[in-house]
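The values are calculated or read from the model by the stated rules, or taken from the named source; none is laboratory data. Keep in mind that what you see is a predicted model, and the values were worked out from it rather than measured. Cβ: placed from backbone, ideal geometry, glycine included. Neighbour counts: every protein chain shown. Note: areas computed on protein heavy atoms with side chains; ligands, DNA, RNA excluded. Shrake-Rupley method; radii C 1.70, N 1.55, O 1.52, S 1.80 Å.
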Amino acid sequence: MGVDRAKLRWNGWGWAARKDEIAERAEVWTWLAAELGMPALLATPGRPLEELNLPDCRLSLQDRVELSGVVGANQVRDNVNERVFHATGRSYHDLLRLRAGDVSSAPDAVIYPRSTAEVLAVLACASRKRMAVVPYGGGTSMVGAVNADRGPFGTVIAVDLSEMDRVIDVNPVSCTATVEAGIYGPALEKALQTKRLTLGHTPTSFEFSTLGGWIAHRGAGQAMHRYGRADDWLISAKLATPRGLLTGGDFPATSAGPRLTDLVIGSEGVFGIVTEATLRVRPLPEVSEYRGYLFRDFESGAAAIRTAMQAGCACAMLRLSDAEETRFQRAFARLNKPFGAIDHVTQRYLKLRGFAGNPCLLIAGFEGDSQTASLARQRFGEIAGRFGVLALGRGAGEDWRKARFQGPYLRDPLLDRGVGVDIIETAASWSRLDAVYKATRTALEEAIREALPRQDACGIVMCHISHAYTDGASLYFTFLFPRRLDGDIEQWRRVKAAATEAILNNGGTLSHHHGVGTEHLPWMEREKGALGLEVLQAIKSAVDPEGILNPGKLVP
């Protein structure tokens, strides 16, 4: 197993033993309270594990014996830690429930298969016995896609793929790799890099998410512009279903009808369980360089990204923060470094150059052989120069890269002090992107304001362009607000609904790379149309006639 689950937080993010340096600094919380218009932040710790009221296990002795006959007695586990850990994913809504002690969605048992054959046998048994099955990889879903909801079934089991983590084959001639789906991101990259290869897929959840999860929710990594998203690097996959194994040929291309592999990407465990995949990999880059650029406003930065993408500029990443995200992150960084003489000089220089208003920070990545990376950097610099950019050099880029997996760790200390923090992401065409950005920002600000616990409090809404294409880009909103402690889940629902309506009303998609899960399910008909949902339901009926796979996700 790539990650020792006993060392992870059961109701938060990442390693339980990780030192929370922010929590010990009073000046951080004084500053944040002022940012949120609060006189002080309240201590709101989560309930300890030993106080939870875990539902009784509904797995019968007969069913346990049959499942044990498939995977072995030690691979069927129903202790408290296993059931609680597999109860939910890691969305804001999930964390509110876990911290309040609500583990009503805990599975009755967790099954750890060690081969595709065992997964198929478990699904056949579950279908025959009418047990709900929730596929589980790293458990990092931000939309409720791995919540162990039993739906109409009496028993629910989680099928955890983390012991299926072998690298089966690496083919340097074809630049492909065949890997079991339970492998974690760092383990996969380590194995590939020993062959001087890389998948290059590094989402924010990289440390704790798995290959199967990336495929199941159609993931996109931070350096997607060079390495692609799951759609681009997945060649074929084995999908275990209650009716048998669904596979697609590992051809570089084919016109023999629709690709069955396309049913796997983004299916969120509703059609089957991804057990193995063949991937396109690339040579390990000689150069991996990240730099910072400052634009006078969000519009000019977005225009520079659009121009670069449409000109075929070979950047690995173009990530543009809006003015509020830039301001907030700079203010937060200053808490770690007192404002000195050099900073005053820098401020005067920025004012002289016309960047004293609401500048926006862009982080650009350049990867590949030295010539490719150099040409991409020069080309982007030329394009950005047309829009009045100020090049900041490598320092800002390297600072971002060092901290790029640390964001999720901040949620837990914020929640411990009565501060809510959530994200919502979307994508839209370039012609609609500005309208989606402005409408969603306004909807978030208004909904947060209406749901605050105090009239003089306020929220913080930040956004960045995280991924871009020739025809459009994704927007990633992060928002902080004082929690309404007597109704924080209802507060979240109101804010989430307002933002989602604004996105859909202005031409954005429900999700660019987080998926549907339970949180976006009410809007799926708006996204796909009635006929589209009928098609998805027909596929579901064909591969899972009893409807046992991941109830309540993706397909209403």
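Round to a whole number: what % of the accessible area of region 64-209 belongs to carbon and sulfur, probe 1.4 Å? Before the final figure, lay out each step's value.
Details: 2340 of 4560 Å².
Percent of accessible area from carbon and sulfur atoms in region 64-209: 51.
Give me Rg/Rg_expected for the chain, where Rg uses Cα atoms only and Rg_expected = 2.2 N^0.38 Å with N residues. Mind dumping the intermediate values first?
Values: Rg = 23.6 Å, N = 556, 2.2 N^0.38 = 24.3 Å.
Normalised Rg, Cα atoms only: 0.97.
Hey, what do the phi angles of region 368-374 turn into as Karplus ³J(HN,Hα) couplings, whole Hz, using 6.51/-1.76/1.60 and θ = phi - 60°, x for Gly and Pro?
Going residue by residue, I get x, 5, 4, 5, 4, 5, 5 Hz, with x marking Gly and Pro.
Per residue of region 491-500, what does 6.51 cos²θ - 1.76 cosθ + 1.60 with θ = phi - 60° give for ³J(HN,Hα)? Whole Hz please, x for Gly and Pro, Karplus curve as stated.
4, 4, 4, 5, 5, 4, 5, 4, 5, 5
Before rounding to the nearest 500, sum -39500 (n - 2.57) across all DSSP H runs of length at least 4 in the chain and divide by the residue total; then give [θ] at 222 nm in deg cm²/dmol.
Values: 18 runs with 200 residues, N = 556.
Computed ellipticity for the chain at 222 nm equals -11000 deg cm²/dmol.
Output wanted: per-residue J couplings in Hz (rounded whole) for region 375-392, from phi through Karplus 6.51 cos²θ - 1.76 cosθ + 1.60, θ = phi - 60°, x for Gly and Pro.
3J(HN,Hα) across region 375-392, in whole Hz: 5, 5, 4, 5, 5, 5, x, 5, 5, 4, x, 5, 10, x, 7, 10, 6, 9.
Per residue, how much accessible area does the chain show when a 1.4 Å probe rolls over the protein heavy atoms, in square angstrom? Present the calculation step by step, with values, prior to reporting the outcome.
Numbers: 22920 Å² over 556 residues.
Counting only protein heavy atoms, the per-residue value for the chain is 41 Å².
Using r as the Cβ-Cβ distance of Asp4 and Arg454, and R0 as 41 Å, what FRET efficiency do you calculate, to the nearest 0.05? Each step should come with its number before you reach the end.
Values: r = 42 Å, r/R0 = 1.03.
For R0 = 41 Å, the calculated efficiency reads 0.45.
I'd like the carbon and sulfur percentage of the solvent accessible area for region 216-302, probe radius 1.4 Å, heavy atoms only, ligands and nucleic acids excluded.
Details: 1690 of 3340 Å².
Reported share for carbon and sulfur atoms: 51 percent.
Is region 256-301 rounded, prolate or oblate when judged by the Cα gyration tensor, a ≥ b ≥ c being the square roots of its eigenvalues, rounded requiring a/c under 1.5 and prolate requiring a/b larger than b/c?
Prolate is the answer for region 256-301, as a/c is 1.5 or above and a/b outweighs b/c.
Leaving out ligands, DNA and RNA, what percent of the accessible area of region 427-488 is carbon and sulfur, probe 1.4 Å?
About 45 percent, which is the carbon plus sulfur part of the accessible surface.
Probe 1.4 Å, all protein chains in place: accessible area of Arg377 in Å², nearest 10?
Near enough 60 Å² of accessible area.
How big, on average over all directions, is the shadow cast by the Cα convex hull of region 196-297, in nm²? Mind showing how you got there, number by number?
Numbers: hull surface 37.1 nm².
For the Cα atoms of region 196-297, the hull's average projected area reads 9.3 nm².
Over the chain, what is the relative contact order in whole percent, taking alpha-carbon pairs under 8 Å and six or more residues apart?
With pairs under 8 Å counted, the relative contact order is 16 percent.
Given axes a ≥ b ≥ c from the Cα gyration tensor, I'd like to know whether region 440-483 is rounded (a/c under 1.5), prolate (a/b larger than b/c) or oblate. Intermediate values should be presented prior to the final figure.
Values: a/c = 5.08, a/b = 3.10, b/c = 1.64.
In terms of gyration-tensor shape, prolate.
Once you have the alpha carbon radius of gyration of region 1-118, what is it after dividing by 2.2 N^0.38 Å, with N set to its residue count?
1.40
Can you give the Kirkwood hydrodynamic radius of region 409-499 from its Cα pairs, in Å with one decimal?
13.8
Please report, in whole Å³, the volume per residue of the convex hull around the C-alpha atoms of region 345-477. Provide the component values of the computation, followed by the final result.
Details: hull volume 22.8 nm³, N = 133.
Given the Cα convex hull of region 345-477, per-residue volume reads 171 Å³.
Using Cα-Cα distances under 8 Å and only pairs 6 or more residues apart, what relative contact order does region 1-160 have, in percent?
About 23 percent, as a whole number.
Please state, as a whole number in µm²/s, the translational diffusion coefficient that the Stokes-Einstein equation yields for region 287-336 at 37 °C and 0.692 mPa s, with Rh defined as the Kirkwood radius across alpha carbon pairs. Write down the numbers at each step before the final one.
On the way: Rh = 12.5 Å.
It diffuses with D of about 264 µm²/s by this estimate.
Can you give the Rg/Rh ratio of region 109-167, where Rg is from the C-alpha atoms and Rh is the Kirkwood radius?
0.98
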